[in-house]
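**Q** Let me begin by handing over the structure; questions about it come next.
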């Protein structure tokens with residue numbers, strides 16, 4: 001009976017795919033949602049490729065999983081992924097069923113690379129056992145949805161298949177404890193860099209007490225938040241030795257050396273000069289090396305990758321540099337690290353913040369506590385001129401910035417995005433950098449602002465040269 005139900009669910013889900021294409025809903029997870037609704041254990045029966053890699057974590061899982069897929073594909077493997085859909089149960093089901101025949105058998109695919117939402121772990125790993133699970137990190141995230149990093153840790157820990165190898169962040173004393181005594185574990189980490197500090201540079205530090213004895217941890221260095229080199233002087237706790245270590249990070253050249261425990265080393269690029277991306281590239285390269293991709297193929301593939309995914313884009317219009325960068329709503333770590341980018345941009349800069357929920361009327365909520373876990377000190381710098389705040393919660397954000405010490409005369413409030421788009425070009429001098437930070441659903445708004453600035457200041461340059 002279970003197999004018959006599975007086949008019915010598979011056929012109906014497959015029939016929905018062309019219908020969705022006709023209506024231009026290609027990126028939806030509806031087929032998988034339908035399949036799971038008709039057959040709750042759909043993942044148990046659906047065909048799977050010979051190698052399965054899953055990627056989860058608070059931040060970086062999308063970038064890392066996409067990089068792993070790209071590297072494996074460039075090495076000649078046929079890959080399926082859920083990059084075009086959801087990272088929850090329905091998205092995983094959609095990705096798998098689209099590569100199966102009418103009997104549910106996997107076809108023309110060597111490996112699956114699947115991004116997994118942390119809270120979906122219990123529902124997915126019940127019927128799917130990855131060969132390799134990459135965990136990028138665990139931090140505090142949306143209080144509304146995720147509560148606390150310890151809550152998310154438990155969700156993942158309680159659902160780990162015993163036969164799965166874990167690739168864990170050796171700088172993270174939260175996610176780095178997963179699978180201890182149960183799973184085979186390997187670690188990646190980033191060595192001290194010129195930007196590392198001796199004290200935590202951020203408001204949020206999610207682990208300060210030793211997970212073994214409860215005494216205060218000390219850190220040999222911090223990268224950001226609780227990511228660094230923790231150890232306990234009382235009981236001797238420290239993170240295990242990493243098999244893959246990023247060293248000699250050159251932020252100007254945007255390259256680093258990935259050293260393997262076996263002695264091989266690769267010189268790899270990382271996009272945007274961002275330390276977050278050193279971790280992302282390190283995790284992706286380590287995963288592929290573990291899966292048997294040669295160092296030469298990894299180096300070649302990473303060198304060809306581009307950061308132009310919409311999450312970070314840079315453009316030029318006349319004398320103005322325009323940067324758009326994702327800064328996740330309700331995620332203080334993502335927002336803090338995005339804003340930290342400003343500290344490494346030379347010259348005068350104006351800032352546009354589209355951080356609060358652009359769809360507030362649809363599914364927003366009143367929790368703004370995350371703003372008080374976010375670091376805004378960089379906006380106090382004299383090199384930062386005007387700070388434009390967009391969206392219905394711009395007043396909440398303005399209050400947070402004033403309490404952080406950002407001069408009130410820098411702030412320009414725009415509850416209406418359309419008015420901001422209309423006024424922004426006239427408010428800027430057209431030189432230096434304008435950095436637009438946006439929450440996920442505000443990406444179209446950020447793109448329109450960038451296009452407006454490109455058209456305005458690009459035309460001004462042409463007129464001056466005429």
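The values are calculated or read from the model by the stated rules, or taken from the named source; none is laboratory data. All figures in this text were calculated on a predicted structure; none of them were measured in a lab. Cβ placement follows ideal geometry from the backbone for every residue including glycine, while neighbour counts extend to all protein chains displayed.
**Q** Which one is farthest from residue 160 (Cα to Cα), of the residues in segment 62-72 that are at pLDDT 95 or above and touching a strand residue (DSSP E or B) at 6+ places or on another chain (Cβ under 7 Å)?
**A** Here the answer is 72.
**Q** Here's another thing I want to ask about it. Grab the helices (runs of 4 or more DSSP H) fully contained in segment 1-115, keeping just those with 3 or more residues being without any contact (Cβ under 8 Å) to a residue 12 or more places away in the chain and out of contact with any helix residue (DSSP H, G or I) (no Cβ under 6 Å at 6 or more places or on another chain).
**A** Answer list for segment 1-115: 2-22.
**Q** On the given criteria, is residue 322 over 22 Å from residue 75 (Cβ atoms), buried (at least 19 other Cβ atoms within 10 Å of the Cβ) and not assigned by TED's automatic domain parsing to the domain that holds residue 200? Lay out the reasoning, then the answer.
**A** Numbers: over 22 Å from residue 75 (Cβ atoms): yes; buried (at least 19 other Cβ atoms within 10 Å of the Cβ): yes; not assigned by TED's automatic domain parsing to the domain that holds residue 200: yes.
Yes.
**Q** Please specify each residue of segment 404-420 satisfying the condition of being over 23 Å from residue 340 (Cα atoms) and surrounded by fewer than 15 Cβ atoms within 10 Å (Cβ to Cβ).
**A** 415, 416, 418, 419
**Q** Additional query: Which residue, of 397, 379, is part of a helix (DSSP H, G or I), without any contact (Cβ under 8 Å) to a residue 60 or more places away in the chain and within 18 Å of residue 357 (Cα to Cα)?
**A** 397
**Q** Can you find a residue that is assigned to a loop (DSSP other than H, G, I, E, B), surrounded by 17 or more Cβ atoms within 10 Å (Cβ to Cβ) and over 27 Å from the mean Cα position of the chain (by Cα) anywhere in segment 421-432?
**A** Checking segment 421-432: at least one residue is assigned to a loop (DSSP other than H, G, I, E, B), surrounded by 17 or more Cβ atoms within 10 Å (Cβ to Cβ) and over 27 Å from the mean Cα position of the chain (by Cα).
**Q** Which members of segment 237-250 meet the condition of being under 23 Å from residue 343 (Cα atoms) and surrounded by 17 or more Cβ atoms within 10 Å (Cβ to Cβ)?
**A** Within segment 237-250, 246, 249 meet the criteria.
**Q** Assigned to a loop (DSSP other than H, G, I, E, B) and either touching a strand residue (DSSP E or B) at 6+ places or on another chain (Cβ under 8 Å) or more than 19 Å from residue 58 (Cα to Cα) (or both) - does that describe any residue in segment 280-291?
**A** yes
**Q** Out of all the residues in segment 129-147, which are in contact with a strand residue (DSSP E or B) (Cβ under 7 Å, 6 or more places away or on another chain) and closer than 16 Å to residue 169 by Cα?
**A** Scanning segment 129-147 gives 132, 133, 134, 135, 136, 137.
**Q** Could you please let me know if residue 159 is within 16 Å of residue 121 (Cα to Cα), more than 21 Å from the chain's Cα centre (by Cα) and modelled with pLDDT of 95 or more? Write out each step before concluding.
**A** Working: within 16 Å of residue 121 (Cα to Cα): yes; more than 21 Å from the chain's Cα centre (by Cα): yes; modelled with pLDDT of 95 or more: yes.
Considered against the rule, which asks whether it is within 16 Å of residue 121 (Cα to Cα), more than 21 Å from the chain's Cα centre (by Cα) and modelled with pLDDT of 95 or more, residue 159 comes out as yes.
**Q** While we're looking at this one, here's another question. Can you pull out the residues in segment 384-394 that are in contact with a strand residue (DSSP E or B) (Cβ under 7 Å, 6 or more places away or on another chain) and not in a helix (DSSP H, G or I)?
**A** 384, 385, 386, 387, 388, 389, 390, 391
**Q** When you look at residue 150, is it touching a helix residue (DSSP H, G or I) at 6+ places or on another chain (Cβ under 8 Å) and not assigned by TED's automatic domain parsing to the domain that holds residue 370, yes or no?
**A** Judged against the criteria, residue 150 is not a match.
**Q** Got a number for residues in segment 127-158 being assigned to a loop (DSSP other than H, G, I, E, B) and surrounded by 15 or more Cβ atoms within 10 Å (Cβ to Cβ)?
**A** Looking only at that region, the number is 12.
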